[in-house]
1. When the residues of the stretch 3-24 are narrowed to those that are over 11 Å from the mean Cα position of the chain (by Cα) and under 13 Å from Pro82 (Cβ atoms), which ends up surrounded by the fewest Cβ atoms within 10 Å (Cβ to Cβ)?
2. Across the stretch 92-145, what is the total count of residues that are in contact (Cβ under 8 Å) with a residue 12 or more places away in the chain, charged (D, E, K, R) and either crowded, with 17+ Cβ neighbours inside 10 Å or touching a strand residue (DSSP E or B) at 6+ places or on another chain (Cβ under 6 Å) (or both)?
3. Condition (residue is under 25 Å from Ser31 (Cβ atoms) and over 13 Å from the mean Cα position of the chain (by Cα)) applied to the stretch 83-97: is it met by at least one residue?
4. Scan Ser67, Ser54, Ser73 and give me the residue that is assigned to a loop (DSSP other than H, G, I, E, B), over 21 Å from Leu153 (Cα atoms) and small (Gly, Ala, Ser).
5. Do we find a residue being surrounded by fewer than 12 Cβ atoms within 10 Å (Cβ to Cβ) and of a type in the set (S, T, N, Q) anywhere in the stretch 46-53?
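All of the numbers you see were taken from the coordinates with simple rules; none came from a lab. These figures come from a predicted structure and were not determined experimentally. Here the Cβ positions follow ideal geometry from the backbone for every residue, glycine too, while neighbour counts run over all protein chains shown.
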Amino acid sequence: MKNSKILFCASAGGHFTELLQFKEVMLKYDSIIITEKMKIAAEPIVKTHYVPYSSRNEGFIYLFKYSYVILLSLIFFLKFRPAVVISTGAHSTIPVCVFAWIFKRKVIYVETVAAVKKPTLTGRFMSKIATEFYVQWEELLAVYPKATYGGVLF
């Protein structure tokens, strides 16, 4: 795996902050990040590609914006050709993970630290396609019986 390419993806905000906890792994391997373009953004650790922020609350325009996120995700995925995708969620990272699943790449998902007792919508979906699924709270093992408890990232 030393020469493997790893694609890291997370939504902006707390999910991205959790993803940055993998900094040492990012620097050790050939890595890129895919995240949402927001006004408040951290300094990139490795090459970073951005998809537009979109929200289901935007109404009809959301269909077009999320379709664009899917297209960009496919382009970035095919261009980088990762062996592994690591995600901390949420919404905008689902397309990348689905492409990894379709192309039979390893998908590692870490459920957000904010989910202590109840699963997230993204977590419920990702538990079905992830090769490895981690929770940060032992309580979630009752919800995700195939998950691995890894402790909190922080």
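1. Restricting attention to the stretch 3-24, the residues satisfying the condition of being over 11 Å from the mean Cα position of the chain (by Cα) are 3-6, 13-14, 17, 20-24.
Imposing the further condition that a residue be under 13 Å from Pro82 (Cβ atoms) reduces the set to 3-6.
Numbers: Asn3: 7, Ser4: 12, Lys5: 16, Ile6: 23.
Only one residue fits best here, namely Asn3.
2. 4
3. First pass over the stretch 83-97, keeping only residues under 25 Å from Ser31 (Cβ atoms): 83-97.
Retained after the next criterion (residues that are over 13 Å from the mean Cα position of the chain (by Cα)): 83.
Yes: one or more hits.
4. Details: Ser67 fails: assigned to a loop (DSSP other than H, G, I, E, B); Ser73 fails: assigned to a loop (DSSP other than H, G, I, E, B).
Just a single option satisfies the conditions, and that option is Ser54.
5. no
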